[in-house]
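Got a structure for you, questions after.
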Amino acid sequence: MKARIHVTLKNGVLDPQGKAIEHALANLGFGGVDEARQGKYIELDLTETNREKAQAQVDEMCRKLIANTVIENYSIELE
Amino acid sequence: MKSAVIVFPGSNCDRDMAVALEKITGQKPLMVWHQDYDFPVVDFIALPGGFSYGDYLRCGAMSARSHVMKEVVKRAGAGVPTLGICNGFQILAETGVLPGALMRNANLHFVCKDVELTVENTDTMFTSGYIAGSNITVPVAHHDGNYFADDATLDTLEGEGRVAFKYANNINGAQRRIAGITNKAGNVLGMMPHPERMIEPALGGSDGRILFESIMNRLG
């Protein structure tokens, strides 16, 4: 089973890299971008085949390492 | 005073820390490689600056989950004075021993220069030798020193006198200009600036020396 994890900064946490991307897009002439936020994407190949167990496992992985929940949110998709 | 400097792959201020500790305490510190986590009892533990594990995932994230940090967290919890400088501060924040997180500098620049710090609280084992409210000069060298915590945490830190140092000018976007904080028990200090690089006039000043002397005084 594959887990696809998105880690994003929480609302209200300043994202200077996202800001830089936003400005660079504007400099390239792309209009209409109100805001850019940068995050991380992580893919895991799991041996677990039970969906519920996999969800619980990956959730724990996110809380213990993959995301820093002081500043980040995460979302998990299983396939 | 017997001290230990914890060394991770990618630490690069471990030797500066060792030189400072030897000069000030008169005793060579134990250099503890991260795999040698069963290290002898010491009076003081230092987590040095650097870019441990190449800052992979987040600064300090990998080191914080290492075996040696389990041991350091245990000893810090038992009251052993513990100091995290720069990457050491990031590691302590990642372990949760200190609240908050160190994020990319708000202006995106790597800041490498001497900065003025205001000593906010002299009632700690790390700062007792300073004069409250005075400014000291200590170098910084970091890309991710922008201290972040939610407002409730910041209020608690300030209310409990756990902000040891603030930047006189906000060089990195840190919330409330926070440069260094202690844990609730007061035996753990994390700070982005490098006092170990300012221990004698030949290095440009000796304001950092007072921090180590304060610890020594406390330990007797």
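Any chance you could count how many residues in region A:13-67 are basic (Lys, Arg) and part of a loop (DSSP other than H, G, I, E, B)? Quick ask: steps written out before the conclusion?
Just the residues of region A:13-67 that are basic (Lys, Arg), to begin with: A:19, A:37, A:40, A:51, A:53, A:63-64.
Cutting the leftovers down to part of a loop (DSSP other than H, G, I, E, B) gives us A:37.
Total satisfying the criteria: 1.
Another question about this same structure. Out of all the residues in region B:135-142, is one or more surrounded by fewer than 23 Cβ atoms within 10 Å (Cβ to Cβ) and over 14 Å from the mean Cα position of the chain (by Cα)?
Checking region B:135-142: at least one residue is surrounded by fewer than 23 Cβ atoms within 10 Å (Cβ to Cβ) and over 14 Å from the mean Cα position of the chain (by Cα).
Another question, if that's okay. Taking the conditions exactly as written (surrounded by 18 or more Cβ atoms within 10 Å (Cβ to Cβ), within 28 Å of B:Met1 (Cβ to Cβ) and either of a type in the set (Val, Ile, Thr) or more than 11 Å from chain A (Cβ to nearest Cβ) (or both)), does B:Val68 satisfy them or not? Reasoning before the result, please.
Numbers: surrounded by 18 or more Cβ atoms within 10 Å (Cβ to Cβ): yes; within 28 Å of B:Met1 (Cβ to Cβ): yes; either of a type in the set (Val, Ile, Thr) or more than 11 Å from chain A (Cβ to nearest Cβ) (or both): yes.
Yes; evaluated as a whole, the condition is true for this residue.
Please work out which one of (1) within 14 Å of another protein chain (Cβ to nearest Cβ); (2) more than 16 Å from the chain's Cα centre (by Cα); (3) buried (at least 17 other Cβ atoms within 10 Å of the Cβ); (4) small (Gly, Ala, Ser) is the condition B:Ala152 fails and give its number.
(3)
Within region B:108-116, identify whether any single residue is of a type outside the set (Ser, Thr, Tyr), touching a residue at least 60 places away in the same chain (Cβ under 8 Å) and within 14 Å of chain A (Cβ to nearest Cβ), and answer yes or no.
Of the residues in region B:108-116, the ones of a type outside the set (Ser, Thr, Tyr) are B:108-116.
Those still in the list that are touching a residue at least 60 places away in the same chain (Cβ under 8 Å) too: B:111, B:114-115.
So of that shortlist, the ones also within 14 Å of chain A (Cβ to nearest Cβ) come out as B:111.
Scanning region B:108-116 turns up at least one residue that is of a type outside the set (Ser, Thr, Tyr), touching a residue at least 60 places away in the same chain (Cβ under 8 Å) and within 14 Å of chain A (Cβ to nearest Cβ).
For the list (1) over 29 Å from B:Gln175 (Cβ atoms); (2) more than 16 Å from the chain's Cα centre (by Cα); (3) among the basic types (Lys, Arg), I need the number of the one condition that A:Arg4 fails.
Result: A:Arg4 passes all but (2).
May I ask you to list the residues in region B:178-210 that are assigned to a strand (DSSP E or B) and under 29 Å from B:Ala101 (Cβ atoms)? Walk me through how you get there before you give the answer.
Just the residues of region B:178-210 that are assigned to a strand (DSSP E or B), to begin with: B:178-182, B:188-191, B:200, B:205.
B:Ile178, B:Ala179, B:Gly180, B:Ile181, B:Thr182, B:Val188, B:Leu189, B:Gly190, B:Met191, listed by residue number.
What about B:Ala93, is it assigned to a helix (DSSP H, G or I), within 14 Å of another protein chain (Cβ to nearest Cβ) and not aromatic (Phe, Trp, Tyr)?
Working: assigned to a helix (DSSP H, G or I): yes; within 14 Å of another protein chain (Cβ to nearest Cβ): yes; not aromatic (Phe, Trp, Tyr): yes.
Judged against the criteria, B:Ala93 is a match.
Among the residues of region A:68-79, count how many are away from chain B (no Cβ under 12 Å) and not in a strand (DSSP E or B).
Here is the first cut: in region A:68-79, the residues away from chain B (no Cβ under 12 Å) are A:73-79.
Narrowing further to those that are not in a strand (DSSP E or B): A:79.
Of the residues in that region, 1 qualify.
While we're here: For B:Glu94, work out the one condition from (1) of a type in the set (Asp, Glu); (2) under 14 Å from the mean Cα position of the chain (by Cα); (3) under 19 Å from B:Arg15 (Cα atoms) it doesn't fulfil.
Of the numbered conditions (1) of a type in the set (Asp, Glu); (2) under 14 Å from the mean Cα position of the chain (by Cα); (3) under 19 Å from B:Arg15 (Cα atoms), the odd one out for B:Glu94 is (3).
Of all the residues that make up region A:31-67, how many are under 21 Å from A:Pro16 (Cβ atoms) and either surrounded by 11 or more Cβ atoms within 10 Å (Cβ to Cβ) or more than 14 Å from chain B (Cβ to nearest Cβ) (or both)?
In the first step, residues of region A:31-67 are kept if they are under 21 Å from A:Pro16 (Cβ atoms); the result is A:33-41, A:67.
With the extra rule that they be either surrounded by 11 or more Cβ atoms within 10 Å (Cβ to Cβ) or more than 14 Å from chain B (Cβ to nearest Cβ) (or both), the set shrinks to A:33-40, A:67.
Selection size over region A:31-67: 9.
I need a count of the residues in region B:157-179 that are away from chain A (no Cβ under 14 Å) and farther than 17 Å from B:Gln90 by Cβ.
10
A further question on this structure: Tell me yes or no: at least one residue of region B:24-45 is away from chain A (no Cβ under 14 Å), under 30 Å from A:Gly18 (Cβ atoms) and buried (at least 17 other Cβ atoms within 10 Å of the Cβ). Give the steps one after another, and end with the answer.
Of all residues in region B:24-45, those away from chain A (no Cβ under 14 Å) come to B:24-45.
Retained after the next criterion (residues that are under 30 Å from A:Gly18 (Cβ atoms)): none.
Scanning region B:24-45 turns up no residue that is away from chain A (no Cβ under 14 Å), under 30 Å from A:Gly18 (Cβ atoms) and buried (at least 17 other Cβ atoms within 10 Å of the Cβ).
Taking the options B:Val41, B:Val19, name whichever one is among the hydrophobic types (A, V, I, L, M, F, W, C) and part of a loop (DSSP other than H, G, I, E, B). Before the answer, list the steps.
On the way: B:Val19 fails: part of a loop (DSSP other than H, G, I, E, B).
Every option except B:Val41 fails the conditions.
Report the residue count in region B:49-70 for those that are among the charged types (D, E, K, R) and in a loop (DSSP other than H, G, I, E, B). Even if it seems obvious, please write down each step before you answer.
If we filter region B:49-70 for residues that are among the charged types (D, E, K, R), which is where we start, we get B:55, B:58, B:65, B:70.
Subset that is in a loop (DSSP other than H, G, I, E, B): B:58, B:65.
Residues in region B:49-70 being among the charged types (D, E, K, R) and in a loop (DSSP other than H, G, I, E, B): 2 in total.
Still on this structure, I have one more. Only one of B:Lys166, B:Lys74 is free of Cβ contacts under 8 Å to residues at least 12 places away in the same chain and not aliphatic (A, V, I, L, M). Can you tell me which?
Values: B:Lys166 fails: free of Cβ contacts under 8 Å to residues at least 12 places away in the same chain.
Matching residue, one of B:Lys166, B:Lys74: B:Lys74.
Still on this structure: Out of B:Ile215, B:Ile136, I need the residue that is within 17 Å of B:Leu92 (Cβ to Cβ) and outside any loop (DSSP other than H, G, I, E, B). Which one?
Values: B:Ile136 fails: within 17 Å of B:Leu92 (Cβ to Cβ).
On inspection, the qualifying residue turns out to be B:Ile215.
Coordinate-derived values only; no laboratory data. All figures in this text were calculated on a predicted structure; none of them were measured in a lab. Note that we place each Cβ from the backbone using ideal geometry, even for glycine, and neighbour counts take in every protein chain shown.
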